[in-house]
Amino acid sequence: MSAVPSDTRPATLRIVSPANGELVGEVPIDTTESVRAAVARARSAQPAWGARSVAERAEVLLAVRQKILANTDAIVQNAAAENGKPRHEGLLHEVMTQLELLSYFAAEAERILAPQPIPLRLLKHRTSYIHYQPRGVVAIIAPWNFPNHLGFGGAAMALLAGNTVVLKPSEFTPLSAVLLRRLYVEAGVPEDCLQVVNGYGDVGAALIDAGVDFVEFTGSVSTGKKVAAMCGERLIPCVLELGGKAPALVMEDADNERTLNAVLWGGYANAGQVCASVERLVVHEKVHDSFVAKFVSRVKALRVGDATKSAEVDVGPLVNQRQLEIVERLVADAVEKGATVACGGRRIEGPGYFYEPTVLLGVTPAMDIANKETFGPVVPVMKVGSEAEAILEANRSHLGLLAYVFTRNGARGRRMAQQIRCGTVMVNDVIATAAAAETPWAGLKQSGIGVAHSDEGLRHMCEARHVNHDAVPWLSRELWWFPYHEANLGLLKRLLAFLYGSGLGRLFPRS
Ligand code: NAD
C-alpha cells in the first residue's frame, strides 16, 4: 500500500474554521516514507520505554495530566477553532475527559496489568498465570469529532501499557493533536514514544502498512471496514470504534424535566456530531404529543453560533461541507417520505457550515434518517405504542453503540436496558459514560469490534501471555505421555469415569 505519489499530493493540510471560513492553521502532510520512518523510530524507542515499570510510566502520565490542566485554554481554543466546538464542550469533553482518563489509569494500571493467576481444574499439579506485555508499536487513527479525547485517550492507555504510539489525527483537526503531542513530550514522554503523522486517509493506510503491532481505529463504519480488511491481510489485531444510531426510548412514566433536558443535550451537543448522540427519539404514544411540544420549544431556544467569538453558544457548526450535505439529504428524504419539520430544517446562510437545530416528527423506518447515522443537529421522532415496540425499534438498527431508556421505574429501566443489543445502555442519562474511563466503551453489531476504556481496554493494549509451570517438581512423567499400554488405557478410562461420571463429576459437576 502506498500513499498518494508525492508529485500529485498537496504539501500541507490547510485548516479552515467550520464556523467562519478563516484559515486557522496549516500542517505538513506526511509521506509514505515519513510514516515508515516514524514507525521505525517508535520501534527503536519501545524497548527502553517498555522496560520502565508501570509505576514509572504512570508517573510520567500524571505529569501529562498537569500539563493538560495548565494548557486548558489553548486546548479549548483549538477545539473551537478547527472543530467549531462550544467552549463548555471543549472544557468538559476534551479536557476533563482526558484528565479523568489519565487519573484513573495512572492510579489503576499496576493492578490492571498485574499477572492474573488461572485456577486450574484438571492440571492440579501445575500452575498457570497470564502476564501482560506491551504489543510494541500501536497505531491510533482518530476522527475529528473529539480531536483531543479520542486519539489521546487511546495513546495514554497504549503508553501506560509500555507501547510506543504513532497517531494519525483526522485531516480536519490536526492542530489539537500537534498541541497535545507537544504537551506529552514536555511532560516527559520521550519524543519517539509518541509521534503524530498528518494527512488524509492514505496516510492512515500507510501507517497500518508500516509494520505496526496493533491498530486502534475510531471513525466511520465504511472506513472501519477498510481498516479491518487491511489488518486482516496483515493479521494485525485491531480495535474498531465505529458509528452509532443511539435510540432514546421515552416511556410513558418518564420523568419529564430530566428526560427533556437529557434528550436535548444528547441530541444537540457537539451539533449532534457524537457517535453516542440521540439519533432516534422513540416516544410512547401516551406522552408523545405533550413531550414533543415541550421538546420543540427547548430546541428552538438553543443558541447557534461561532464559539471562537462567544462562550454563549450552545450549538456550533457542522465540521465541513460534506457533513452539511449529508444532513440536508437525510432531512429532504424524510420530508419526501412524509415526515414533518417541527422546527429547523434548513442550513443557515452565511459563512460556516451551520444547520438549524431540527426536530422531525412522524419518522418511520422507511426513511433513511431512521437508519443512517445523521451526525448533525437533527432529532427524528418516532411514536410507539408499547415498551415491546420501543425495544423492537431500538434493536432494528444495524448499529449497536449506545442506547438510552427513560422511565421513573428503576426495575423497568434495567429490564428494558438488558433487552437492547448495544455496547452500553444508560437509564435516565445520555453519553456520560464516555467520561467514565473505568467503564467499557464498545460497539456491537456494525458499531465496532473490541473495547476502548475500562480495565479490559487497557489489557487490550497488551499481549496477554500465558505461562504454565510445574507446582510439583518431582513427577518424572505424565499419564498421557509415551509409551502407550493397554494397562494405562484402562486406567485412563476409569479416571474419566471418576472425573466426569458418577464420581467427582456427580459431586462437583462444575468444578
Ligand atoms: P472517517 O472514517 O472518515 O475517518 C476517521 C479517520 O480515518 C481519519 O483520520 C481518516 O483520515 C482516516 N482514514 C480514512 N480512510 C482511511 C483508510 N482507508 N485507512 C486508514 N485510515 C483512514 O470518520 P470521521 O468522519 O473522521 O469520524 C466520524 C465517524 O466516527 C462517525 O461515524 C462516528 O460515529 C465515528 N465515531 C465513533 C466513535 C466511537 O467511539 N465508536 C467515536 C467518535 C466517532
Quiz item: of a type in the set (Gly, Ala, Ser) and either near the ligand (Cβ under 7 Å from one of its atoms) or open to solvent by 10 Å² or more (accessible area, probe 1.4 Å) (or both): does that describe Ala155?
Solution: no
Exercise. Look at the stretch 432-449 and say how many of its residues are touching a Leu at 6+ places or on another chain (Cβ under 7 Å) and either closer than 15 Å to Gly243 by Cβ or free of Cβ contacts under 8 Å to residues at least 12 places away in the same chain (or both).
Key: 6
Quiz item: Since Ala58 meets every condition but one in (1) in contact with a Leu (Cβ under 9 Å, 6 or more places away or on another chain); (2) not assigned by TED's automatic domain parsing to the domain that holds His131, which condition does it not meet?
Solution: (2)
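Just to be sure before I move on: is Leu399 out of contact with any Lys or Arg (no Cβ under 9 Å at 6 or more places or on another chain), touching a residue at least 12 places away in the same chain (Cβ under 8 Å) and hydrophobic (A, V, I, L, M, F, W, C) in the structure I sent?
So Leu399 does not fit the description; no.
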Exercise. Just name the residue that is farthest from Leu91 (Cα to Cα) out of those in the stretch 403-436 that are within 13 Å of the ligand (Cβ to nearest atom) and in contact with a helix residue (DSSP H, G or I) (Cβ under 8 Å, 6 or more places away or on another chain).
Key: Cys422
Practice problem: Would you mention how many residues in the stretch 252-299 are in a loop (DSSP other than H, G, I, E, B), away from the ligand (no atom under 16 Å from the Cβ) and buried (at least 24 other Cβ atoms within 10 Å of the Cβ)? | Solution: 1
Quiz item: Among the residues of the stretch 195-207, is there at least one that is at positive phi, out of contact with any helix residue (DSSP H, G or I) (no Cβ under 6 Å at 6 or more places or on another chain) and modelled with pLDDT of 95 or more?
Solution: yes
Practice problem: Test Glu312 against the criterion of being within 15 Å of the ligand (Cβ to nearest atom), of a type in the set (D, E, K, R) and either open to solvent by 50 Å² or more (accessible area, probe 1.4 Å) or assigned to a strand (DSSP E or B) (or both), and give yes or no. | Solution: no
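Within the group Glu233, Glu191, which residue is at pLDDT 95 or above, in the same structural domain as Asp30 (by TED's automatic domain parsing) and away from the ligand (no atom under 16 Å from the Cβ)? Please lay out each step first, then the result.
Working: Glu233 fails: away from the ligand (no atom under 16 Å from the Cβ).
Just one listed residue meets the conditions, Glu191.
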Practice problem: Determine if the stretch 368-379 includes at least one residue that is within 16 Å of the ligand (Cβ to nearest atom), polar (S, T, N, Q) and under 21 Å from Ala248 (Cβ atoms). | Solution: yes
Quiz item: List, please: which pairs have Cβ atoms under 6 Å, are six or more places apart or on different chains, and start with a residue in the stretch 208-227 that is open to solvent by 10 Å² or more (accessible area, probe 1.4 Å) and end with one that is in a loop (DSSP other than H, G, I, E, B) and more than 6 Å from the ligand (Cβ to nearest atom)?
Solution: Asp209/Met1; Asp213/Arg135; Asp213/Gly136; Val221/Gln446
Quiz item: Any idea which of (1) in contact (Cβ under 8 Å) with a residue 24 or more places away in the chain; (2) open to solvent by 10 Å² or more (accessible area, probe 1.4 Å); (3) near the ligand (Cβ under 6 Å from one of its atoms) is the one Gly244 doesn't satisfy?
Solution: (2)
Quiz item: Given the stretch 407-511, what helices (runs of 4 or more DSSP H) lie entirely inside it while holding 3 or more residues that are acidic (Asp, Glu) and open to solvent by 20 Å² or more (accessible area, probe 1.4 Å)?
Solution: none
Quiz item: List the pairs whose first member sits in the stretch 470-494 and is more than 17 Å from Thr127 (Cα to Cα) and among the polar types (S, T, N, Q), whose second member is open to solvent by less than 70 Å² (accessible area, probe 1.4 Å) and not in a strand (DSSP E or B), and whose Cβ atoms are under 7 Å apart, counting only residues at least 6 apart or on separate chains?
Solution: Asn488/Leu479
Practice problem: Please verify whether the stretch 165-188 includes one or more residues that are more than 10 Å from the ligand (Cβ to nearest atom), assigned to a loop (DSSP other than H, G, I, E, B), touching a residue at least 12 places away in the same chain (Cβ under 8 Å) and over 27 Å from Gly423 (Cα atoms). | Solution: yes
Practice problem: Out of the residues in the stretch 35-91 that are more than 18 Å from Val185 (Cα to Cα) and acidic (Asp, Glu), state the one that is surrounded by the fewest Cβ atoms within 10 Å (Cβ to Cβ). | Solution: Asp73
Quiz item: Does Pro357 qualify as being of a type outside the set (Ser, Thr, Tyr), within 16 Å of the ligand (Cβ to nearest atom) and touching a helix residue (DSSP H, G or I) at 6+ places or on another chain (Cβ under 7 Å)?
Solution: no
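Could you say whether any residue in the stretch 15-22 is at positive phi and in contact (Cβ under 8 Å) with a residue 24 or more places away in the chain?
Looking for residues that are at positive phi and in contact (Cβ under 8 Å) with a residue 24 or more places away in the chain, one finds at least one in the stretch 15-22, hence yes.
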Quiz item: For the stretch 107-129, does any single residue satisfy the condition of being within 16 Å of the ligand (Cβ to nearest atom) and surrounded by 21 or more Cβ atoms within 10 Å (Cβ to Cβ)?
Solution: no
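Only residues that are within 14 Å of Asp253 (Cβ to Cβ) and free of Cβ contacts under 8 Å to residues at least 60 places away in the same chain: list them for the stretch 415-429, please.
Selection gives Arg415, Val427.
The values are calculated or read from the model by the stated rules, or taken from the named source; none is laboratory data. This is a predicted model, so every value here is computed, not measured. Backbone-built Cβ (ideal geometry, glycine too); neighbour counts: all protein chains shown. Note: accessible area is taken over every heavy atom of the protein model, side chains too, but ligands, DNA and RNA are not part of it. Shrake-Rupley method; radii C 1.70, N 1.55, O 1.52, S 1.80 Å.
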